[in-house]
Structure formats: C-alpha cells, structure tokens
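Here's the structure we're looking at; comments come further down.
The values are calculated or read from the model by the stated rules, or taken from the named source; none is laboratory data. Note that the structure is a prediction, hence the values are computed from the model and not measured. Here the Cβ is made from the backbone with ideal geometry for all residues, glycine too, and neighbour counts use every protein chain on show.
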Amino acid sequence: MPGREEVARRAREVLLADLSRHPTIPELARACGTSPTVLKEAFREEFGMPVYQWARRRRMIAAARLLARTDLPVADVARALGYANASKFARAFASCLRMSPTAFRERYRPRAGAGLPRS
C-alpha cells in the first residue's frame, strides 16, 4: 500500500488528468490503491481541503481560463468540465467565484484592441 503523501499525489494526478470526470471517493481510492478513508485523510493532510472541494476549485480555474480565453459558449465550457447542464455549472461557478460565468467573461475577457499602442 502506498504512503499517505503518495496516495494524495496520485489522487491529484487522476483528477487533473480529466477534469470532466467526477469520480466518487471509492473510485478514486481504488485508482490510488487505498481505502476511501485513507484517501480522504491523506488528501486533506496534503492539500488542506477535501477531495471534492479541491477538484471543484480546479474545475473552476479551468472554466475561468476557458471563459476568458475562448469564445466557447457557457454550455460547452460546462460540458468540457463534466457538468450535466449549463445551469448546474453556472450555480457551481457563481458559488466559487461570486459571479456568473457570463459576468466573469465580460469582466476578464481581453477587449479587442486592448493593449495596442495608440497613434
């Protein structure tokens, strides 16, 4: 059985490999070769928060990047990150970032011509 630090790091790698997957704790524990209890404890010790909270934050970071850097519709961003629908994604996004995905995009998306020298 791997050490606790190794378990937490393996879990992080599994989660980051495909942010669209939302594995259960037992599935993630099996992938890491440990029990769900050890996984939860090791992950919290290593990363300072529960598995689901960490994974959700990573998904929201990825969502923020997609919203700011692409023209993908919000529904496509939601699907890319494994959400069943745009509404559920929008609620999760707003809960994490305190604004809707659309408001985030409007606020943080580079504007056409921004940063170009004036003549």
Exercise for the section: Could you pull out the residue among Ala103, Ala84 that is assigned to a helix (DSSP H, G or I) and small (Gly, Ala, Ser)? Expected result: Ala103
Problem - Boolean, Ile25 is hydrophobic (A, V, I, L, M, F, W, C) and surrounded by fewer than 16 Cβ atoms within 10 Å (Cβ to Cβ) - result: no
Exercise for the section: Would you mind finding the one in Ala17, Ala84, Ala42, Ala90 that is of a type in the set (A, V, I, L, M), crowded, with 18+ Cβ neighbours inside 10 Å and farther than 30 Å from Arg111 by Cβ? Expected result: Ala42
Handout entry: Per-region count, region 59-78, residues in contact (Cβ under 8 Å) with a residue 40 or more places away in the chain and either touching a strand residue (DSSP E or B) at 6+ places or on another chain (Cβ under 8 Å) or surrounded by 15 or more Cβ atoms within 10 Å (Cβ to Cβ) (or both)
Key = 4
Problem - For Val7: the one exception among (1) closer than 26 Å to Pro110 by Cβ; (2) surrounded by 17 or more Cβ atoms within 10 Å (Cβ to Cβ) - result: (1)
Problem - Test for Pro36: is it free of Cβ contacts under 8 Å to residues at least 40 places away in the same chain, surrounded by 13 or more Cβ atoms within 10 Å (Cβ to Cβ) and not assigned by TED's automatic domain parsing to the domain that holds Ala84 - result: yes
Handout entry: Candidate set: region 93-108, residues that are touching a residue at least 12 places away in the same chain (Cβ under 8 Å) and within 19 Å of Tyr52 (Cβ to Cβ); chosen: the one surrounded by the most Cβ atoms within 10 Å (Cβ to Cβ)
Key = Phe93
Exercise for the section: Pick out the one residue from Arg44, Arg69, Arg65, Arg59 that is touching a Gly at 6+ places or on another chain (Cβ under 9 Å) and of a type outside the set (A, V, I, L, M, F, W, C). Expected result: Arg59
